[in-house]
1. What percent do you get for the relative contact order of the chain when only Cα pairs under 8 Å and 6+ apart count?
2. Report the relative contact order of region 1-146, percent, no decimals, based on alpha-carbon pairs under 8 angstrom and at least 6 residues apart.
3. About the Cα centre of the chain, how large is the charge dipole given +1 on each Lys and Arg Cβ and -1 on each Asp and Glu Cβ? Please answer in debye to the nearest 20.
4. More than 24 angstrom separation, counting every C-alpha pair in region 155-307; what % is that?
5. Suppose every K and R has +1 on its Cβ and every D and E has -1 on its Cβ; what is the size of the dipole of region 4-109 about the Cα centre, in Debye to the nearest 20?
6. Give me the dipole magnitude in Debye, nearest 20, for region 34-191 about the Cα centre, with unit charges on the beta carbon: positive for Lys and Arg, negative for Asp and Glu.
7. Go ahead and estimate [θ] at 222 nm for the chain from helices alone: -39,500 (n - 2.57) per DSSP H run with n ≥ 4, summed, over the residue count, rounded to 500.
8. Could you work out Rg/(2.2 N^0.38 Å) for region 1-111, with Rg from alpha carbons only?
Amino acid sequence: MTFGIAIHGGAGTILRSQMTAEKELLYRNALQKALDAGYHILERNGTSLDAITFAVTELENCPLFNAGKGSVFTHDGTHEMDASIMRGDTLEAGAVTSVKNIKNPVKAARAVMEKSEHVILCGPGAEEFARQQQIVFESEDYFYDQFRFEQWQKAKSEGKVQLDHSDEKKFGTVGAVALDRFGNLSAATSTGGMTNKRYNRIGDSPVPGSGTYANNNTCAISCTGHGEFFIRAVVAYDVSCLMEYAGLTLEAACKRVVNDKLVKLGGEGGLIAIDRAGNICLPFNSVGMYRASRKEGMHREICIYKD
Ligand code: ASP
């Protein structure tokens with residue numbers, strides 16, 4: 001069977017007018033590193049679950065994206081991260097929400113899926129579970145980033161809760177979807193959520209069916225964008241449903257949800273998707289979306305804007 005992988009580093013992106021050649025290269029290199037990490041696992045007969053875990057871990061370790069190390073600041077000056085993972089063969093899923101100091105929340109989400117009888121664990125309880133599973137923790141310093149700090153100060157002084165860098169329409173959540181040689185689909189998403197968020201706000205990223213979904217009968221999806229709208233539109237599951245129950249192709253289903261349903265609701269963002277035949281779709285209704293993909297035997301594709 002064929003295999004393939006797609007990743008994203010968030011929808012929205014820096015406006016083209018503000019993107020410099022140096023910055024673009026940094027983003028492209030980071031996307032390439034994460035894509036290659038996942039692709040090589042698939043190439044060596046690894047599982048889609050391992051491929052997406054490694055790809056998302058790479059992105060979480062990169063300060064350019066709003067996940068793991070690069071997570072945005074909350075209203076209280078901390079970092080609260082959300083992540084989820086799902087496998088398409090058994091429909092098992094795992095997620096953590098509002099966790100602090102976990103280096104790679106995607107690994108904690110995977111531990112919830114594989115080592116607990118639950119699907120979603122939250123806050124201190126999720127951290128306690130992660131510690132028991134030998135998940136790596138980092139100090140606050142590890143998550144400090146001058147750019148994020150300034151972003152937070154600005155949002156705070158304006159009394160705003162922002163989606164990463166909404167002035168520039170930048171959503172930096174990360175995610176990966178993959179199909180392996182065994183026909184198994186998997187998806188994962190990880191985020192720091194919204195700058196200056198409070199009240200333990202949780203977006204779509206850790207919600208199976210909204211921000212992440214995988215089903216071997218249809219597709220694997222990871223979303224990025226304005227989470228509140230993605231939750232209300234049950235975006236990831238909706239794409240799968242349109243394929244399963246209405247017989248739409250992956251492309252038609254993605255178009256319906258991202259460029260029609262979400263647009264009507266006012267939900268900005270996009271998603272990455274791969275179906276059981278290895279078709280890849282990377283739709284978005286925002287200015288851009290950091291994204292990359294590679295199918296078996298093909299060259300990698302790395303894009304930021306519409307073309
Ligand atoms: N969907 C994420 C959230 O609402 C944000 C993003 O995609 O950047 O938390």
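Any read-out appearing in this document is the output of simple, stated calculations on the displayed coordinates, not a laboratory observation. Nothing here was measured: the structure is a model prediction, and the numbers come from that model. Cβ: placed from backbone, ideal geometry, glycine included. Neighbour counts: every protein chain shown.
1. 26 percent
2. 17 percent
3. It works out to roughly 400 debye.
4. 29 percent
5. With only Lys, Arg, Asp and Glu charged at Cβ, the dipole is about 200 debye.
6. Value, rounded to 20: 80 debye.
7. Values: 9 runs with 94 residues, N = 307.
It lands at -9000 deg cm²/dmol.
8. 1.15
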